[in-house]
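Reviewing the structure listed below.
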Amino acid sequence: MNDELVVLGGGESGVGSAILAKVKGLSVFLSDSGLLKEEHRKTLLDHGIDFEEGGHSEEKILRASEVVKSPGIPDTTPLMRKIREKGIRVISEIEFAGRYTNARMICITGSNGKTTTASLIYHILKSAGLNVGLGGNIGRSFARQVAEEHYDYYVLELSSFQLEGVYDFKADIAVLMNITPDHLDRYDHDMQKYVDAKMRIVRNHKMGDSFIYWMDDPVVTKELEKLKPASDIYSFTEKNNHLATAYSEGNKMYIQTKGTLFDMELELLALQGMHNLYNSMASGIVAKLLDISDDNLRLALSDFKGVPHRLEKVASVRGVQYINDSKATNVNSCWYALQSMRTKVVLILGGTDKGNDYSEIEDLVRQKVRALIFLGKDNSKLHAYFDGIVPSIEDAGSMKEAVDAAYRLAKKGDTVLLSPCCASFDLFQNYEDRGNQFKDCVRRL
């Protein structure tokens with residue numbers, strides 16, 4: 001075994017890790033089984049980083065002292081099994097980059113809401129003048145920022161896949177929005193394995209650290225009783241129960257921290273809907289723990305622009321509103337989207353199923369959905385569940401087919417909602433590609 005660091009995967013995370021390794025004087029080799037994007041290939045060449053694409057040199061990789069694995073690579077691949085059998089330490093980009101910065105870490109995870117919450121926290125802190133970076137599962141690579149920037153704070157959105165590779169890394173402020181079934185295909189359809197990955201957000205917590213969570217989530221509440229983290233614990237809930245740190249009462253949101261009480265009219269929040277109230281509450285607790293002034297917090301909560309592909313209004317065509325919620329890659333995300341709808345809906349579902357249980361949205365589909373459009377290569381599971389529940393169901397093999405069908409099926413006053421419940425990789429590069437194609441097709445109507 002030599003002292004070479006191997007980076008598996010040449011996407012944003014992997015390239016950032018390789019750059020950081022190079023900057024820190026480590027011997028590094030990047031390997032990707034597929035072809036790299038041109039921008040990533042150029043970056044590696046510009047930095048003089050040794051790499052390969054289109055396959056793995058197993059003998060070279062298995063001599064590594066440590067492997068930084070991109071989050072999309074499961075442990076079940078033959079190469080990963082060989083790496084584990086050799087006893088080579090495997091870590092995530094988050095673990096690796098965390099070694100080289102003393103910045104305070106504000107880390108957000110959850111099955112739903114983490115992207116919006118991370119983006120909102122970043123907006124609040126940046127608006128208040130803090131020197132802050134945004135990374136993890138969003139924006140630029142955390143490792144690359146550590147290599148090339150100097151921030152006092154990082155706001156990191158962390159997926160369960162990223163948390164799997166965390167060992168010594170610690171979140172100074174950890175936010176867990178919720179845990180509902182997701183990515184079960186990655187976790188042997190064992191919910192507890194997924195839960196265990198999420199709960200690594202409080203790994204290494206000690207007194208003085210902070211943990212923020214939704215107190216009405218039965219899964220998280222049960223895990224907290226088991227783990228008993230040493231951190232200071234803060235919670236948010238819909239209605240005042242005299243226990244939560246943040247809650248709503250009347251027409252206001254309240255946050256009680258450090259002996260102070262922050263309040264804000266609900267109608268002034270930039271993000272509307274119950275799920276977004278939770279996002280605002282969690283973000284507000286973080287802000288008050290970091291001593292952001294009430295005036296700065298109110299302004300940031302009122303002028304935040306939202307996240308692309310999350311309940312994003314695209315256009316109104318002939319009295320029909322089109323909404324892009326392509327980031328809804330699990331059933332619970334779609335539930336929140338449907339719950340916020342105030343009109344009849346033509347709902348576009350489908351993609352790569354991750355072990356979904358559609359019973360969670362059945363009642364809302366019965367109440368609100370006029371027609372279903374299944375957008376995917378294999379819609380058999382969707383048909384097996386929804387046939388007979390909604391009178392009008394059509395299949396589409398492309399986004400244009402789906403939008404054209406929605407245009408035909410929707411009535412004036414309806415909403416056409418792309419909220420797929422599924423991953424996008426059967427027909428699209430990623431959820432952004434799916435959402436962008438939806439917006440392009442809508443704008444051509």
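The mean sequence separation of alpha-carbon pairs under 8 Å and at least six residues apart, normalised by the residue count of segment 55-171, gives a relative contact order of 32 percent.
Name the residue, out of Tyr254, Tyr187, Tyr322, whose mean-square fluctuation peaks in a Gaussian network model built on the chain with Cα pairs under 10 Å. For the chain, modelled as a Gaussian network with Cα springs under 10 Å, the answer is Tyr187.
Each peptide in 193-199, 8-14, 126-132 gets a packing score, the mean of other Cβ atoms within 10 Å over its residues, and the list from highest to lowest is 8-14, 193-199, 126-132. Cross-link reach is defined here as a Cα-Cα straight distance under 16 Å, omitting same-chain residues fewer than 8 places apart; for Lys82 the lysines meeting it are Lys60, Lys69. Close Lys pairs in segment 320-445 (alpha-carbon distance under 12 Å; sequence gap of 8 or more, or different chains): 5. A simple rule links phi to the HN-Hα coupling: the Karplus curve 6.51 cos²θ - 1.76 cosθ + 1.60 with θ = phi - 60°, which for segment 125-131 gives 5, 5, 5, 7, x, 6, 8 Hz, with x for Gly and Pro.
Within the assembled protein chains, the solvent-accessible surface assigned to Val219 is about 40 Å², based on a 1.4 Å probe. In the chain, a dipole from Cβ-located charges (positive for Lys and Arg, negative for Asp and Glu) runs towards its positive end, and of Gly351, Met80, Ser70 it is Gly351 whose Cα lies farthest in that direction. Leaving ligands, DNA and RNA out of it, report the carbon-plus-sulfur percent of the accessible area of segment 39-192 at a 1.4 Å probe. That share works out to 46 percent.
Note on the chain: GNM, Cα springs under 10 Å; of Gly351, Gly54, Gly435, the largest mean-square fluctuation is that of Gly54.
Partner aspartates and glutamates whose Cα lies under 17 Å from the Cα of Lys86, excluding those fewer than 8 positions away in the same chain, are identified as Asp3, Glu4, Glu58, Glu59, Glu66, Asp75.
Put a plus charge on the Cβ of each Lys and Arg, a minus charge on the Cβ of each Asp and Glu, and nothing anywhere else: the dipole of segment 316-445 about its Cα centre is then about 680 debye.
Shown for segment 318-378: the carbon plus sulfur share of the solvent-accessible area, taken with all protein chains present and a 1.4 angstrom probe, equals 42%.
Rolled with a 1.4 Å probe across the full set of protein chains, the surface gives Val6 an accessible area near 0 Å².
Kindly provide log₁₀ I(q)/I(0) values, in the same order as q = 0.07, 0.08, 0.09, 0.11 Å⁻¹, from the Debye equation applied to equal alpha-carbon scatterers of the chain. One equal scatterer on each Cα of the chain leads to -0.37, -0.48, -0.61, -0.92.
For Leu445, the solvent-accessible surface with a 1.4 Å probe is about 70 Å², rounded to the nearest 10. For the chain, the solvent-accessible area works out to 42 Å² per residue, with a probe of 1.4 Å and every protein chain left in place. For segment 165-207, relative contact order (Cα pairs under 8 Å, six or more residues apart, normalised by length) works out to 55 percent. A Cβ-based charge dipole, computed about the Cα centre of the chain with Lys and Arg at +1 and Asp and Glu at -1, lands at about 600 debye. By the rule of a C-alpha distance below 23 Å, with chain neighbours fewer than 8 residues away ignored, the lysines paired with Lys226 are Lys170, Lys193, Lys198, Lys206. Which one of Leu130, Ile108, Asn178 has its Cα pushed farthest toward the positive end of the charge dipole of segment 83-201, where Lys and Arg give +1 and Asp and Glu give -1 at the Cβ? Towards the positive end, the residue furthest out is Leu130.
The values are calculated or read from the model by the stated rules, or taken from the named source; none is laboratory data. Quick caveat: nothing in here was measured; it's all calculated off a predicted structure. No Cβ is skipped: glycine too gets one built from the backbone with ideal geometry, and neighbour counts run over all protein chains shown. Calculation scope for accessible area: heavy atoms of the full protein, side chains included, ligands and nucleic acids excluded. Shrake-Rupley method; radii C 1.70, N 1.55, O 1.52, S 1.80 Å.
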